[in-house]
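Please read the structure below before turning to the comments.
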Amino acid sequence: IMTSPPPSLRRFWTVAEATSFLRKHYEEEEDFFYLYVLDRHARLIGLVNLKSIILAGPEQTVEEIMTRNVISVRASADQEEVAQLLQRYDLVSLPVVDEEERLIGIVTIDDVIDVIEEEATEDIYRLAQMSPDSEIYSPIPEAVRNRLPWLVVNLGTAFMASAVVSLFEGTIAQAAVLAAFMPIVAGQGGNAGTQTMTIMVRSLALK
């Protein structure tokens, strides 16, 4: 999901020199909100947003208006981690650097929207105890393969619950009124389990 970075700046340039450079090297298909400042070894040392360039005086240097503490990721970072960083810090793009902190690309919020959607879908499927690979139009054999293991697990727990109830068969026979509470207890147990699972899955998704 990484794309090529926008034109980079040097910290000793003036704002006038930076804007002149951008006019010469800007490509119409590029959309960017941040410009990255590199040293002579192409290492990332700062960030300048377009608003700062517009409001700065022409004789100010890039170093005066740049942000030094830049949040970045490595090329090997997980897509979900990148999406979480963009969301946590309200960024529209994130620089990607190599092991020597050299800028090699950027990831924009547009690039990770699909990743966020996929992760949310996986969380919902897990909540329903289904495989993340399940699709509404999946072929029947594939749907069976994805859903059957979870159904077997649920069936096993149902048999265990029945076995526990059978242990109290004598007590229930002596006080038949207790049988009326069995569906209530089972329903409340299921509801409590669903609530707990929902909270846990959502907490993991927002970590």
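Any residue that is crowded, with 17+ Cβ neighbours inside 10 Å, outside any helix (DSSP H, G or I), at pLDDT below 85 and not aliphatic (A, V, I, L, M) - is there at least one of those in the range 113-123? No, that holds for no residue. Every listed requirement among (1) loosely packed, with under 13 Cβ neighbours inside 10 Å; (2) free of Cβ contacts under 8 Å to residues at least 24 places away in the same chain; (3) on the phi < 0 side of the Ramachandran plot; (4) of a type outside the set (K, R) is met by D90 save one, (3).
Y137 meets each of the listed conditions (1) surrounded by fewer than 12 Cβ atoms within 10 Å (Cβ to Cβ); (2) of a type outside the set (A, V, I, L, M, F, W, C); (3) modelled with pLDDT of 70 or more apart from (3).
Yes or no: the range 41-62 includes at least one residue that is exposed (fewer than 13 other Cβ atoms within 10 Å of the Cβ), under 27 Å from the mean Cα position of the chain (by Cα) and among the charged types (D, E, K, R). Within the range 41-62, not a single residue is exposed (fewer than 13 other Cβ atoms within 10 Å of the Cβ), under 27 Å from the mean Cα position of the chain (by Cα) and among the charged types (D, E, K, R). Annotation: of all residues in the range 1-52 being free of Cβ contacts under 8 Å to residues at least 40 places away in the same chain and among the polar types (S, T, N, Q), the one that is farthest from A75 (Cα to Cα) is S20.
The values are calculated or read from the model by the stated rules, or taken from the named source; none is laboratory data. If you're wondering where the values come from, they're calculated on a predicted model, not measured in any experiment. Methodologically, a virtual Cβ is constructed for each residue, glycine included, from the backbone with ideal geometry; neighbour enumeration extends over all protein chains shown.
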